[in-house]
Amino acid sequence: MVALTARRLPRFAPAGIGAGAVVVAAVLCFGLGLGGAVLTALFSAVLFVVGLYVATRIVEGPRAARSRVATSFIYGAFLLAVVPLASVIITVLTKGSARLDANFFNSSMNLITARDANGGAYHAIIGTLEQVGIAVVIAVPLGVLGAVYIVEYGRGKLAKAIQFFVDVMTGIPSIVAGLFILAFWVMAITPLFSADGRPVLSGFAASLALAVLMLPTVVRSTEEMLRLVPNELREGSYALGIPKWKTITKIVLPTAAPGIVTGVMLAIARAAGETAPVLLVAGAAKSINFDPFSSQSSLALFVYDQATDSSKFAPGRAWTAALTLIVIVLTLTVAAKLLARRSKLSR
């Protein structure tokens, strides 16, 4: 009588093989003095894959063995991606919680000496929010409109030239964007409007540099999302006599909104964490300043300044500022995702 079910490994077999692999690797590494925890984890992974392949091949056959090994590689890649992320989050939370107090969030570094344990990042938080906000106002409309032109209207050499330069801008280092704004805006434009004819470092100049960095990311992400919108939606709208511009604004953009928001948030996260362009053009003021057209600081610049400071109290401020920056970006991302979900076409 032919069996209708294939033989399979018990459910506990992978866990047992994994435990055995860890034990054998630990004995080899620590017992023989070959290495520490990192080498033990590496040997454990190799022994687990080999053991799982051999056991599966004996019980289930070579095809199932290859499938299990491929699945193991997928889970392994996931763990390799998660471990550094978890490590960063745990480190920032552990070291950044030391200065989570009212003084840190309602005071600046003005008149704070190396022996003063107080001082906060209120001025840097204001600078980050204003600079990133202005950069978003500049870059997002230009990026979305540019992507709409490329996908919906662009034809011929002009569209290809725009795509080419967007691709080139994507790989521009942040320091180059800062140097461009320094040469164009700070050195050439601001002396024309300043009272003494001297260049003026300002938060607005930092916003321009951040907008240059955000623009290609917004264009490319929006372009890809617009291309994913089914053409049947456009054709159905045209068949009803709806103009093209209204089809784009009422159907195409709402359908692609979640992906566009994701790309915008990636651009914002990159801009909020940039230090080089802000260091060149913002001025790094240590006092509270709400005027973006004068010297300002930012959280990324504050982290850099405190990390390089010789004061024993500076590292705590740097870690707390890094945690604050992560929380701000996370809050903006969650809020944008909720808004994008409400704007879906299906609603």
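The values are calculated or read from the model by the stated rules, or taken from the named source; none is laboratory data. As the structure is a computational prediction, the values presented were derived from the model and not from experiment. Every residue, glycine as well, gets a Cβ built from its backbone with ideal geometry; the counts of neighbours run over all protein chains shown. Surface areas here come from the heavy atoms of the whole protein model, side chains and all, with no ligands, DNA or RNA. Shrake-Rupley method; radii C 1.70, N 1.55, O 1.52, S 1.80 Å.
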Taking only pairs six or more apart or across chains, which ones have beta-carbon atoms under 7 Å, a first residue in region 137-158 that is open to solvent by 30 Å² or more (accessible area, probe 1.4 Å), and a second residue that is acidic (Asp, Glu) and at pLDDT 90 or above? none
Go over the candidates 309, 291 one by one and state the one that is part of a loop (DSSP other than H, G, I, E, B), under 21 Å from residue 211 (Cβ atoms), open to solvent by 40 Å² or more (accessible area, probe 1.4 Å) and among the charged types (D, E, K, R). 291
Residue ranges of helices (runs of 4 or more DSSP H) in region 188-256 with at least 3 members open to solvent by less than 10 Å² (accessible area, probe 1.4 Å) and of a type in the set (A, V, I, L, M): 203-228
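Output yes when any residue across region 230-243 is among the aliphatic types (A, V, I, L, M) and touching a strand residue (DSSP E or B) at 6+ places or on another chain (Cβ under 9 Å), and no when none is.
Step one: list which residues in region 230-243 are among the aliphatic types (A, V, I, L, M), which gives 233, 239-240, 242.
Of the ones still in play, those that are also touching a strand residue (DSSP E or B) at 6+ places or on another chain (Cβ under 9 Å) are none.
No, region 230-243 has no match at all.
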What residue, of 270, 317, is out of contact with any Pro (no Cβ under 6 Å at 6 or more places or on another chain), closer than 20 Å to residue 217 by Cβ, assigned to a helix (DSSP H, G or I) and of a type in the set (D, E, K, R)? 270
